[in-house]
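**Student:** I'd like to ask you about the structure that follows.
The numbers here are math on the coordinates, done by the rules we state, and not lab data. Since the structure is predicted, the reported quantities are computational estimates derived from the model, not experimental observations. When we count neighbours, we look across all protein chains shown, and the Cβ atoms used for this are built from the backbone with ideal geometry, even at glycine.
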Amino acid sequence: MAVKRDNGPSYEEIIRDVRGGNIKPVYYLMGDEDYYIDRVAQFIVDSTLGEMERDFNLSILYGPETNAQRIIQEARQFPVMAERRVVWLREAQSMNDREQLAAYVKNPNPQTILIVCHKHGTLDSRRSLAKEVKKVGVLFESRRLYDRELPGFITSYLRRQKREIEPAAVQMLCEHVGSDLNMLASEMDKLVLAIPMGESRVTTALVEQQTGMSKDYNGFELQNALSVRDIYKANQIVKYFDSNPKNFALPPLLASLFGFFSDVMMAYYAPDKSEVGVANWLGKAPWQIKQAILPAKKNYSGRKVMAILAEIRKTDGLSKGVGGCRTAPGDLLKELIFFILH
């Protein structure tokens, strides 16, 4: 899953450039999502310094314990029996004088790679440091993924490890872990190790075994129940969620339902109303259209789908405390599902 901004490179683009030898003298990595910041920094170190070179050519400094002058002194030094030297500044958000690094960035040491990790915040793009970094290096903002982007992150992460995952298993992981990418990656690493010998697919049974979630009571199954308007099964799943709050996270479930009903609405506008035509229109596999989208299109009018989307938005706002709402997530879900089915 690419993390793309309007005026900067994505995570994938940085990795590709470093792997291809296009290495910049300064990398300023900032933003609210730790996952990409940590991985870009570590990848640069691993790609530019061998194990034997790190003792003399890798300096790791911490924002609360250092200052701009010390960092500049480290960066001005030359490598010892190596092509490059790496100065890795962590927790830069804790530095009061980090703006003074602009003086170094204007004329960086070509044999030093300065990596600055600034978490839970960003630089002011109007000030000198951000402007100078953009001229000679990489200014990367790592933002948190939206809940709707988590399935793409999961499938891409496993694809890089030459593994596949069942769609229902993706939904189970989203609900179980939420949007913490470091935790998601950790859970997927465990699943990869648990895949039986000779197989390459993460199944719902495997996720159930490793996480304790039920493969029969999850967001994917709720979506299918709503699609065919199976009131009994939908209420069973909602009851299970309400009784097992540790296995239930409302935000990713709402994001999933919103995405699903958005697809149902888009299906009404497909030029070709056939299974294949709708699949091509939505960019989904034909089996997904047959299993869920077309049944939902049959069971819900366009007007009802529009009302459902509005109600999901309203529920999302209430779950975040809009209007001083203190209703429990399980109760909010019950009210939403009742609205959808009736």
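**Student:** Report the label-to-label distance for Leu341 and Lys106 in nanometres (one decimal), using points 7 Å from each Cα along the Cα→Cβ vector.
**Tutor:** In this crude spin-label approximation the distance works out to 6.8 nm.
**Student:** Val80 to Lys134: FRET efficiency via 1/(1 + (r/R0)^6), r the Cβ-Cβ distance, R0 22 Å, to the nearest 0.05?
**Tutor:** Given R0 = 22 Å and the Cβ-Cβ separation, E is 0.10.
**Student:** Here's a follow-up. Which ³J(HN,Hα) values in Hz, rounded to whole numbers, follow from the phi angles of the stretch 121-127 under the Karplus curve 6.51 cos²θ - 1.76 cosθ + 1.60, where θ = phi - 60° and Gly and Pro get x?
**Tutor:** Taking θ as phi minus 60°, the curve returns x, 9, 6, 6, 5, 8, 9 Hz for the stretch 121-127.
**Student:** Something else now. Per 0.36 nm of contour for each residue apart, how much would the distance between Lys190 and Glu149 grow if the chain were fully extended, relative to their Cα-Cα spacing?
**Tutor:** Full extension from Lys190 to Glu149 adds 12.6 nm.
**Student:** May I pose another question? Rounded, prolate or oblate: which fits the stretch 35-100, taking a ≥ b ≥ c as square roots of the Cα gyration tensor eigenvalues, rounded meaning a/c under 1.5, else prolate when a/b beats b/c?
**Tutor:** oblate
**Student:** Another question, then. Helix 231-243 sits at what angle to the longest principal axis of the chain, using alpha carbons and giving 0 to 90 degrees rounded to 10?
**Tutor:** 40
**Student:** Among Ala267, Ala103, Ala92, determine the one that fluctuates most according to a GNM of the chain built with springs between C-alpha atoms less than 10 Å apart.
**Tutor:** Its mean-square fluctuation being the largest, the pick is Ala103.
**Student:** Charges only on Cβ, +1 for Lys and Arg, -1 for Asp and Glu: so what's the dipole of the chain about the Cα centre, in debye to the nearest 20?
**Tutor:** 860
**Student:** Using all Cα-Cα distances in the chain, what percent lands in each 20 angstrom bin from 0 up to the longest?
**Tutor:** 26, 46, 26, 2
**Student:** If neighbour count is taken as other Cβ atoms inside 10 Å, put Glu53, Glu132 in order from fewest to most.
**Tutor:** Final ranking by Cβ density, sparse to dense: Glu53, Glu132.
**Student:** Less than 13 Å apart at the alpha-carbon level, and either on another chain or at least 8 residues along: which aspartates and glutamates does that give for Lys162?
**Tutor:** Partners found: Asp189, Glu199.
**Student:** Compute the Kirkwood hydrodynamic radius of the stretch 1-151, taking the inverse of the mean of 1/r over all pairs of distinct Cα atoms, and give it in Å to one decimal.
**Tutor:** In the stretch 1-151 this quantity evaluates to 15.5 Å.
**Student:** While we're looking at this one, here's another question. Could you put Glu51, Glu141 in order, starting from the residue whose Cβ has the fewest other Cβ atoms within 10 Å?
**Tutor:** Glu51, Glu141
**Student:** Using a 10 Å cut-off around each Cβ, can you sort Trp287, Trp281, Trp88 from fewest to most neighbouring Cβ atoms?
**Tutor:** In increasing order of surrounding Cβ atoms, one gets Trp287, Trp281, Trp88.
**Student:** Oh, and also: Need the list of lysines near Lys233 for cross-linking: C-alpha distance under 20 angstrom, and skip anything on the same chain fewer than eight residues off.
**Tutor:** Reachable lysines: Lys215, Lys290, Lys297, Lys298, Lys334.
**Student:** Scaled to the compact-protein estimate 2.2 N^0.38 Å, what is the alpha-carbon radius of gyration of the stretch 146-214, rounded to two decimal places?
**Tutor:** Its radius of gyration relative to the 2.2 N^0.38 Å reference: 0.98.
**Student:** Another question about this same structure. For a Förster distance of 22 Å, can you work out the FRET efficiency between the beta-carbons of Glu275 and Arg229, rounded to the nearest 0.05?
**Tutor:** The pair Glu275/Arg229 has a calculated efficiency of 0.65.
**Student:** Ok, one more. How large is the convex hull of the Cα atoms of the stretch 216-342 per residue, expressed in Å³ as a whole number?
**Tutor:** 100
**Student:** While we're looking at this one, here's another question. With only alpha-carbon atoms counted, please give the Rg and Dmax of the stretch 99-213, in Å.
**Tutor:** 19.9, 56
**Student:** A follow-up question, please. Given the C-alpha centroids of the stretch 25-41 and the stretch 68-87, what is the distance between them in whole angstrom?
**Tutor:** That distance is 19 Å.
**Student:** Further, regarding this structure: Kindly express, to the nearest 10 degrees and within the range 0 to 90, the angle between helix 167-177's C-alpha long axis and the longest C-alpha principal axis of the chain.
**Tutor:** So the helix axis and the longest Cα principal axis differ by about 60 degrees.
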